[in-house]
Amino acid sequence: MKLSVVIPVYNSEKTIRPLVETLQSALSEVSFEIVMVNDGSRDGSERVCRQLAEIYSNVRFISLRRNYGEFNAVMCGLNWAYGDYCVMIDDDFQNPPEEILKLIKVAESGDNDVVYTYYSKKEHSVGRNLGSKLVNWLTSYLLNKPKDLYLSSFKLIRQEVVQEITKYKGPYPYIDGLIFRITRNIGTVQVTHLKREEGISNYTWQKLISLFLNILFCYSSLPIRIFLPIGLGLFLFGFVLLFYLTVQWVIGPDPKGWQVVTATLISIGGIQCTLLSVLGEYIGKSFMAQSGQPQYVIKYNSAEVV
């Protein structure tokens with residue numbers, strides 16, 4: 001099978017049917033399947049998805065017992081996607097299905113493991129655009145992502161990379177974070193972005209904060225490592241103050257008691273922060289080892305070629 005289209009579905013009763021119907025016509029030249037994952041929708045999305053799965057033989061439908069979040073739904077879909085390429089597309093119809101062919105073309109022409117999309121103009125709200133910029137800025141530093149790469153939800157992933165991504169079984173998946181653990185062979189393509197025609201965006205600041213904390217604490221040891229420069233800085237500052245006060249005590253006049261106490265506390269605080277940083281490195285390494293990060297990923301092994 002050439003392509004798997006994974007669609008996380010949430011409260012899209014009015015858009016999921018025309019989306020699937022458009023996919024059927026837009027991708028008629030390739031062999032493809034559609035994997036819909038209902039993420040605990042509160043409207044009639046599940047009923048519509050069940051009907052679509054009965055109508056089309058290339059449509060698979062999975063329904064989750066409750067709302068787990070977009071990334072969890074996508075991970076579920078990837079576990080049931082068998083195409084050579086897997087494309088994730090939102091259920092709100094803001095990404096035209098016809099644009100999927102562009103992603104396939106870029107993946108094949110450049111032998112890219114992942115193809116991200118970007119837009120000349122985004123038809124999101126001001127709040128969502130601001131949130132996207134914040135997340136992209138954060139991932140540039142925490143994931144060592146190229147600053148000019150936009151991490152869009154509309155992307156293509158080669159099946160070999162999907163197999164590695166789905167090895168992660170933790171409760172807080174972040175697809176882009178997992179991608180950058182596995183590969184840096186990434187392409188981009190510009191696509192059209194349309195205005196939302198039905199309903200309101202499910203994007204909220206609560207979800208943005210949750211994503212921010214997920215990236216910060218599950219995919220990076222930076223918060224722990226911040227302690228080291230802070231601790232060393234405080235220790236050196238306190239040491240300099242104590243040295244100055246000692247000289248003052250020798251040559252006069254005697255330093256005041258609060259000055260000595262302050263310098264001592266700063267030095268002790270610096271030592272504590274430094275020790276916390278060292279301890280945190282051990283904890284962080286243990287955490288990353290248990291978080292599913294691969295030791296290495298084999299792209300080609302001649303011993304396995306028949």
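The values are calculated or read from the model by the stated rules, or taken from the named source; none is laboratory data. Computed from a predicted model, the values in this text were never measured in an experiment. Backbone-built Cβ (ideal geometry, glycine too); neighbour counts: all protein chains shown.
Any chance segment 139-146 includes a residue that's of a type in the set (Lys, Arg), crowded, with 18+ Cβ neighbours inside 10 Å, on the phi < 0 side of the Ramachandran plot and modelled with pLDDT of 80 or more? Before you say what the answer is, go through the steps one by one.
At the first step, the residues of segment 139-146 found to be of a type in the set (Lys, Arg) are 145.
With the extra rule that they be crowded, with 18+ Cβ neighbours inside 10 Å, the set shrinks to 145.
Okay, now just the ones that are also on the phi < 0 side of the Ramachandran plot, so 145.
Then drop every residue that is not modelled with pLDDT of 80 or more, which leaves none.
No, the conditions are met nowhere in segment 139-146.
Enumerate the pairs (first residue in segment 1-29 and loosely packed, with under 14 Cβ neighbours inside 10 Å; second residue anywhere and among the hydrophobic types (A, V, I, L, M, F, W, C) and not in a loop (DSSP other than H, G, I, E, B)) with beta-carbon separation below 9 Å, excluding pairs fewer than 6 apart on the same chain, so at least 6 apart or on different chains.
From residues that are loosely packed, with under 14 Cβ neighbours inside 10 Å, the pairs are 2/32; 2/104; 29/101.
Results for (1) under 14 Å from residue 90 (Cβ atoms); (2) of a type in the set (D, E, K, R); (3) touching a Gly at 6+ places or on another chain (Cβ under 6 Å), shown as yes or no for each residue.
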position	(1), (2), (3)
5	yes, no, no
13	no, yes, yes
19	yes, no, no
24	no, no, no
30	no, no, no
48	no, no, no
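Check off (1) out of contact with any helix residue (DSSP H, G or I) (no Cβ under 8 Å at 6 or more places or on another chain); (2) assigned to a loop (DSSP other than H, G, I, E, B) for residue 76 and give me the number that stays unchecked.
Going through (1) out of contact with any helix residue (DSSP H, G or I) (no Cβ under 8 Å at 6 or more places or on another chain); (2) assigned to a loop (DSSP other than H, G, I, E, B) one by one, residue 76 breaks only (2).
Name the one entry in 103, 138, 134 that is in a helix (DSSP H, G or I), within 21 Å of the chain's Cα centre (by Cα), assigned by TED's automatic domain parsing to the domain that holds residue 27 and closer than 16 Å to residue 191 by Cα.
Values: 138 fails: closer than 16 Å to residue 191 by Cα; 134 fails: closer than 16 Å to residue 191 by Cα.
After ruling out the rest, the residue left standing is 103.
Scanning for something modelled with pLDDT of 80 or more and under 36 Å from the mean Cα position of the chain (by Cα), does segment 255-264 turn up at least one residue?
Scanning segment 255-264 turns up no residue that is modelled with pLDDT of 80 or more and under 36 Å from the mean Cα position of the chain (by Cα).
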